[in-house]
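Here's the structure, in C-alpha coordinates; my notes come after.
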Amino acid sequence: MAIRDRRSEISSAALPAGPDRDRSRIMLTSVPAAGIVAGLALAIPSPRWALVAVAMVLGWTQLAGP
Amino acid sequence: VALTPLVKVAGRRREWLANVSAYTVAGTVTSSLVGAALGAGGALVNAGRVGSLGVAAATLAISIVLFTRELGWPPVPVPQLRRQTRARWGSDLPGAVVAALWGGDVGLTFSTYLTFSGAWLLVAVAVLTASPAFGVALFAAYWSGRAASVWASPLLLPGAGAGAVLVQRVNRNQAVLRRAHIAALGLSVLATAWLLARAMP
(Lines give C-alpha, C1' and ligand atoms only; values in the text may rest on other atoms or scores of the structure.)
Protein backbone atom coordinates (compact mmCIF):
# COMPACT_ATOMS: atom_id res chain seq x y z
CA MET A 1 0.00 0.00 0.00
CA ALA A 2 0.97 3.56 -0.45
CA ILE A 3 2.33 4.36 2.95
CA ARG A 4 5.97 5.13 2.38
CA ASP A 5 5.41 8.89 2.07
CA ARG A 6 3.44 8.97 5.29
CA ARG A 7 6.27 7.31 7.16
CA SER A 8 8.51 10.32 6.79
CA GLU A 9 5.70 12.55 8.06
CA ILE A 10 5.34 10.60 11.27
CA SER A 11 8.92 9.55 11.89
CA SER A 12 9.39 12.19 14.56
CA ALA A 13 6.12 11.43 16.37
CA ALA A 14 6.33 10.26 19.97
CA LEU A 15 6.26 6.48 20.29
CA PRO A 16 3.89 5.00 22.83
CA ALA A 17 5.72 2.72 25.24
CA GLY A 18 4.99 0.04 27.82
CA PRO A 19 1.93 -2.20 27.51
CA ASP A 20 0.86 -0.60 24.21
CA ARG A 21 4.21 -1.44 22.69
CA ASP A 22 4.01 -5.01 23.99
CA ARG A 23 0.49 -5.47 22.60
CA SER A 24 1.59 -4.39 19.11
CA ARG A 25 4.56 -6.70 19.23
CA ILE A 26 2.51 -9.69 20.38
CA MET A 27 -0.06 -9.11 17.66
CA LEU A 28 2.55 -8.69 14.93
CA THR A 29 4.52 -11.77 15.97
CA SER A 30 1.69 -14.18 16.77
CA VAL A 31 0.85 -14.91 13.13
CA PRO A 32 4.43 -15.63 12.01
CA ALA A 33 4.97 -17.67 15.15
CA ALA A 34 1.92 -19.80 14.29
CA GLY A 35 3.22 -20.17 10.72
CA ILE A 36 6.66 -21.27 11.90
CA VAL A 37 5.15 -23.84 14.27
CA ALA A 38 2.93 -25.17 11.45
CA GLY A 39 5.95 -25.30 9.15
CA LEU A 40 8.01 -27.16 11.72
CA ALA A 41 5.19 -29.64 12.20
CA LEU A 42 5.05 -30.21 8.43
CA ALA A 43 8.82 -30.21 7.85
CA ILE A 44 9.38 -33.91 8.50
CA PRO A 45 6.23 -35.54 7.06
CA SER A 46 6.00 -33.13 4.13
CA PRO A 47 8.89 -30.69 3.61
CA ARG A 48 7.31 -29.39 0.40
CA TRP A 49 4.20 -28.25 2.27
CA ALA A 50 6.38 -26.76 4.98
CA LEU A 51 7.45 -24.32 2.27
CA VAL A 52 3.81 -23.23 1.93
CA ALA A 53 3.83 -22.27 5.62
CA VAL A 54 7.14 -20.49 5.00
CA ALA A 55 5.47 -18.56 2.16
CA MET A 56 2.66 -17.41 4.44
CA VAL A 57 5.13 -16.08 7.01
CA LEU A 58 7.19 -14.36 4.32
CA GLY A 59 4.01 -12.63 3.10
CA TRP A 60 3.01 -11.48 6.58
CA THR A 61 6.43 -9.96 7.27
CA GLN A 62 6.12 -7.86 4.13
CA LEU A 63 3.87 -5.76 6.37
CA ALA A 64 7.12 -4.13 7.46
CA GLY A 65 7.38 -2.55 4.03
CA PRO A 66 5.44 -0.05 1.98
CA VAL B 1 -3.48 2.29 5.96
CA ALA B 2 -5.88 3.44 3.29
CA LEU B 3 -8.31 0.56 3.88
CA THR B 4 -8.19 0.15 7.64
CA PRO B 5 -9.57 3.33 9.32
CA LEU B 6 -13.14 2.73 8.00
CA VAL B 7 -13.53 -0.20 10.39
CA LYS B 8 -13.41 2.26 13.27
CA VAL B 9 -16.15 4.49 11.85
CA ALA B 10 -19.63 3.73 13.22
CA GLY B 11 -21.92 2.37 10.48
CA ARG B 12 -19.12 1.82 7.97
CA ARG B 13 -17.88 -1.59 9.04
CA ARG B 14 -19.79 -3.26 6.23
CA GLU B 15 -18.07 -0.98 3.74
CA TRP B 16 -14.69 -1.85 5.29
CA LEU B 17 -15.55 -5.56 5.03
CA ALA B 18 -16.49 -5.18 1.35
CA ASN B 19 -13.32 -3.24 0.58
CA VAL B 20 -10.96 -5.62 2.37
CA SER B 21 -12.75 -8.60 0.79
CA ALA B 22 -12.33 -7.05 -2.66
CA TYR B 23 -8.65 -6.40 -1.86
CA THR B 24 -8.16 -10.00 -0.73
CA VAL B 25 -9.98 -11.64 -3.63
CA ALA B 26 -8.23 -9.53 -6.28
CA GLY B 27 -4.84 -10.23 -4.73
CA THR B 28 -5.59 -13.94 -4.52
CA VAL B 29 -6.36 -13.98 -8.23
CA THR B 30 -3.23 -12.12 -9.31
CA SER B 31 -0.91 -13.95 -6.88
CA SER B 32 -2.28 -17.29 -8.05
CA LEU B 33 -1.72 -16.27 -11.65
CA VAL B 34 1.89 -15.33 -10.87
CA GLY B 35 2.47 -18.68 -9.15
CA ALA B 36 0.80 -20.62 -11.97
CA ALA B 37 2.80 -18.74 -14.60
CA LEU B 38 6.09 -19.43 -12.81
CA GLY B 39 5.26 -23.13 -12.43
CA ALA B 40 4.21 -23.31 -16.08
CA GLY B 41 7.39 -21.47 -17.06
CA GLY B 42 9.41 -24.06 -15.17
CA ALA B 43 7.58 -26.86 -16.96
CA LEU B 44 8.13 -25.11 -20.30
CA VAL B 45 11.90 -25.02 -19.83
CA ASN B 46 11.75 -28.52 -18.36
CA ALA B 47 13.18 -27.42 -15.02
CA GLY B 48 11.97 -30.70 -13.54
CA ARG B 49 14.73 -32.58 -15.39
CA VAL B 50 17.07 -31.77 -12.51
CA GLY B 51 15.05 -34.28 -10.48
CA SER B 52 13.88 -34.08 -6.90
CA LEU B 53 17.48 -34.16 -5.66
CA GLY B 54 18.40 -31.21 -7.87
CA VAL B 55 15.29 -29.25 -6.86
CA ALA B 56 16.01 -29.82 -3.17
CA ALA B 57 19.71 -28.90 -3.56
CA ALA B 58 18.94 -25.71 -5.49
CA THR B 59 16.21 -24.70 -3.05
CA LEU B 60 18.53 -25.33 -0.12
CA ALA B 61 21.29 -23.23 -1.72
CA ILE B 62 18.91 -20.34 -2.45
CA SER B 63 17.40 -20.54 1.04
CA ILE B 64 20.88 -20.31 2.58
CA VAL B 65 21.85 -17.33 0.38
CA LEU B 66 18.65 -15.43 1.26
CA PHE B 67 18.90 -16.40 4.94
CA THR B 68 22.44 -15.03 5.20
CA ARG B 69 21.50 -12.00 3.11
CA GLU B 70 18.81 -11.09 5.63
CA LEU B 71 21.38 -11.51 8.39
CA GLY B 72 23.50 -8.91 6.61
CA TRP B 73 25.78 -10.87 4.32
CA PRO B 74 26.09 -10.36 1.45
CA PRO B 75 24.73 -6.81 1.82
CA VAL B 76 23.13 -6.73 -1.62
CA PRO B 77 19.92 -4.87 -2.47
CA VAL B 78 16.78 -6.91 -3.18
CA PRO B 79 16.03 -6.89 -6.93
CA GLN B 80 12.72 -5.07 -7.19
CA LEU B 81 10.60 -2.44 -8.88
CA ARG B 82 10.73 0.70 -6.74
CA ARG B 83 7.07 1.47 -7.10
CA GLN B 84 3.96 1.70 -4.97
CA THR B 85 0.30 1.20 -5.69
CA ARG B 86 -1.31 4.39 -6.94
CA ALA B 87 -2.73 6.34 -4.03
CA ARG B 88 -4.57 8.48 -6.60
CA TRP B 89 -6.91 5.62 -7.42
CA GLY B 90 -8.38 6.18 -3.96
CA SER B 91 -9.65 9.61 -4.85
CA ASP B 92 -10.87 8.76 -8.35
CA LEU B 93 -12.75 5.47 -7.91
CA PRO B 94 -15.37 3.86 -5.63
CA GLY B 95 -14.02 2.14 -2.49
CA ALA B 96 -14.43 -1.52 -3.44
CA VAL B 97 -13.09 -0.90 -6.95
CA VAL B 98 -9.99 0.85 -5.73
CA ALA B 99 -9.47 -1.81 -3.04
CA ALA B 100 -9.61 -4.48 -5.76
CA LEU B 101 -7.14 -2.54 -7.89
CA TRP B 102 -4.75 -2.18 -4.96
CA GLY B 103 -5.12 -5.85 -4.08
CA GLY B 104 -4.63 -6.93 -7.68
CA ASP B 105 -1.55 -4.75 -7.98
CA VAL B 106 0.07 -5.80 -4.69
CA GLY B 107 -0.91 -9.42 -5.43
CA LEU B 108 1.36 -9.35 -8.47
CA THR B 109 4.11 -9.54 -5.81
CA PHE B 110 6.88 -7.94 -7.84
CA SER B 111 5.06 -4.85 -9.11
CA THR B 112 5.67 -2.94 -5.86
CA TYR B 113 8.39 -2.55 -3.23
CA LEU B 114 9.82 -5.64 -1.54
CA THR B 115 11.17 -5.04 1.94
CA PHE B 116 12.79 -8.45 2.29
CA SER B 117 14.21 -10.96 -0.15
CA GLY B 118 12.08 -14.04 0.65
CA ALA B 119 9.68 -13.64 -2.26
CA TRP B 120 12.54 -14.62 -4.57
CA LEU B 121 12.74 -17.99 -2.84
CA LEU B 122 9.16 -18.63 -3.89
CA VAL B 123 10.00 -17.77 -7.49
CA ALA B 124 12.86 -20.26 -7.47
CA VAL B 125 10.76 -23.02 -5.89
CA ALA B 126 7.80 -22.45 -8.23
CA VAL B 127 10.04 -22.61 -11.31
CA LEU B 128 12.15 -25.53 -10.09
CA THR B 129 9.20 -27.69 -9.15
CA ALA B 130 7.71 -26.96 -12.60
CA SER B 131 4.24 -27.34 -11.16
CA PRO B 132 1.64 -24.62 -11.78
CA ALA B 133 -0.51 -26.05 -8.96
CA PHE B 134 2.31 -25.86 -6.44
CA GLY B 135 3.19 -22.39 -7.74
CA VAL B 136 -0.40 -21.34 -7.01
CA ALA B 137 -0.19 -22.85 -3.51
CA LEU B 138 3.04 -20.97 -2.74
CA PHE B 139 1.93 -17.59 -4.04
CA ALA B 140 -1.60 -17.87 -2.65
CA ALA B 141 -0.04 -18.65 0.75
CA TYR B 142 2.31 -15.67 0.40
CA TRP B 143 -0.66 -13.48 -0.45
CA SER B 144 -2.70 -14.91 2.43
CA GLY B 145 0.04 -13.65 4.78
CA ARG B 146 0.00 -10.21 3.18
CA ALA B 147 -3.79 -9.98 3.19
CA ALA B 148 -4.02 -11.31 6.76
CA SER B 149 -2.05 -8.30 7.90
CA VAL B 150 -4.74 -6.05 6.42
CA TRP B 151 -7.51 -8.03 8.12
CA ALA B 152 -5.66 -7.86 11.44
CA SER B 153 -4.61 -4.22 11.20
CA PRO B 154 -7.74 -2.87 12.99
CA LEU B 155 -6.28 -4.46 16.13
CA LEU B 156 -3.41 -1.99 15.87
CA LEU B 157 -5.61 1.01 15.21
CA PRO B 158 -6.97 2.97 18.15
CA GLY B 159 -9.43 5.10 16.16
CA ALA B 160 -10.65 6.15 12.72
CA GLY B 161 -8.27 9.07 12.45
CA ALA B 162 -5.23 7.17 13.57
CA GLY B 163 -3.79 5.76 10.34
CA ALA B 164 -0.46 7.30 11.26
CA VAL B 165 -0.45 5.36 14.54
CA LEU B 166 -0.91 2.12 12.59
CA VAL B 167 2.15 2.92 10.47
CA GLN B 168 4.06 3.91 13.59
CA ARG B 169 3.24 0.67 15.38
CA VAL B 170 4.36 -1.38 12.39
CA ASN B 171 7.48 0.71 11.89
CA ARG B 172 8.73 0.34 15.42
CA ASN B 173 8.39 -3.45 15.10
CA GLN B 174 10.39 -3.68 11.88
CA ALA B 175 13.23 -5.53 13.62
CA VAL B 176 10.76 -8.11 14.96
CA LEU B 177 9.26 -8.62 11.52
CA ARG B 178 12.74 -9.00 10.04
CA ARG B 179 13.52 -11.68 12.61
CA ALA B 180 10.30 -13.50 11.70
CA HIS B 181 11.32 -13.32 8.02
CA ILE B 182 14.75 -14.75 8.88
CA ALA B 183 13.10 -17.50 10.95
CA ALA B 184 10.91 -18.44 7.97
CA LEU B 185 13.97 -18.62 5.70
CA GLY B 186 15.69 -20.72 8.37
CA LEU B 187 12.73 -23.07 8.34
CA SER B 188 13.10 -23.31 4.56
CA VAL B 189 16.76 -24.28 5.05
CA LEU B 190 15.75 -27.02 7.50
CA ALA B 191 12.86 -28.35 5.41
CA THR B 192 14.86 -28.47 2.18
CA ALA B 193 17.87 -30.01 3.92
CA TRP B 194 15.56 -32.73 5.18
CA LEU B 195 14.03 -33.09 1.69
CA LEU B 196 17.54 -33.42 0.25
CA ALA B 197 18.54 -36.02 2.84
CA ARG B 198 15.40 -37.99 2.04
CA ALA B 199 15.88 -37.78 -1.73
CA MET B 200 19.47 -39.01 -1.59
CA PRO B 201 19.88 -42.61 -2.71
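The values are calculated or read from the model by the stated rules, or taken from the named source; none is laboratory data. All figures in this text were calculated on a predicted structure; none of them were measured in a lab. Don't worry about glycine lacking a Cβ; one is built from the backbone with ideal geometry, like all the others, and counts go over all protein chains shown. Each accessible area value is taken on the protein alone, full model and side chains, heavy atoms only, with ligands, DNA and RNA left out. Shrake-Rupley method; radii C 1.70, N 1.55, O 1.52, S 1.80 Å.
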Treat each spin label as a single point 7 Å out from the Cα along the C-beta direction, and report the B:Ala164 to B:Ser91 distance in nm. 1.9
Buried accessible surface, B vs A, both sides, probe 1.4 Å, in Å² to 100, equals 4700
Under the Debye formula (equal points on every Cα, no solvent term), log10 I(q)/I(0) of region B:57-118 at q = 0.14, 0.19, 0.25, 0.26 Å⁻¹: -0.55, -0.76, -1.00, -1.04
Mind running the shape call on chain B? Use the C-alpha gyration tensor, a ≥ b ≥ c as the square roots of the eigenvalues: rounded below 1.5 for a/c, prolate if a/b tops b/c, oblate otherwise. prolate
Estimated vicinal HN-Hα couplings, Hz - region B:90-98 in sequence order (Karplus 6.51, -1.76, 1.60; Gly, Pro = x): x, 9, 9, 10, x, x, 5, 5, 5
Beta carbons within 10 angstrom, averaged per residue: use that to sort the peptides B:191-197, B:82-88, A:43-49, highest first. B:191-197, A:43-49, B:82-88
Count, for each residue of B:188-195, the Cβ atoms from other chains sitting within 10 Å of its Cβ, then give me the mean as a whole number. 6
For region B:117-127, take each phi angle, set θ = phi - 60°, evaluate the Karplus expression 6.51 cos²θ - 1.76 cosθ + 1.60, and give the result in whole Hz per residue in order, putting x for glycine and proline. 8, x, 4, 5, 5, 5, 4, 4, 5, 4, 5
For region B:123-169, diffusion coefficient by Stokes-Einstein and Kirkwood Rh (Cα), 25 °C, 0.890 mPa s, µm²/s: 193
Using modelled amide H (1.01 Å from N, peptide plane; none on Pro or chain starts), what sits under 5 Å from the amide H of B:Tyr113, excluding residues fewer than 5 places away? B:Arg83
Lys, Arg +1 and Asp, Glu -1 on Cβ, resulting dipole of the protein assembly as shown about Cα centre, debye, nearest 20: 300
P(r) for region B:129-201, please, calculated from all Cα pair distances in 10 Å bins and given in %. 15, 32, 29, 16, 6, 1, 0
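Using a 10 Å cut-off on Cβ to Cβ distances, tally the other chain neighbours for every residue of B:80-86 and report the average as a whole number.
Counting other chains' Cβ atoms within 10 Å and averaging over B:80-86 gives 2.
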Calculate, in whole percent, how much of the Cα-Cα pair population of the protein assembly as shown lies beyond 26 Å. 41
What is the average number of partner chain Cβ atoms found within 10 Å of a Cβ in B:48-54? 0
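Return the calculated 222 nm mean residue ellipticity for the protein assembly as shown, to the nearest 500 deg cm²/dmol, obtained by summing -39500 (n - 2.57) across DSSP H runs with n ≥ 4 and dividing by the residue count.
Helix contribution divided over all residues of the protein assembly as shown: -23000 deg cm²/dmol.
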Select from B:Val50, B:Ser131, B:Trp143 the residue farthest towards the positive end of the dipole of the protein assembly as shown; place +1 on Cβ of Lys and Arg, -1 on Cβ of Asp and Glu, and compute about the Cα centre. B:Trp143
From the backbone phi of region B:33-44, what are the Karplus-calculated ³J(HN,Hα) couplings (6.51 cos²θ - 1.76 cosθ + 1.60, θ = phi - 60°) in whole Hz, Gly and Pro given as x? 5, 4, x, 5, 5, 5, x, 5, x, x, 5, 4
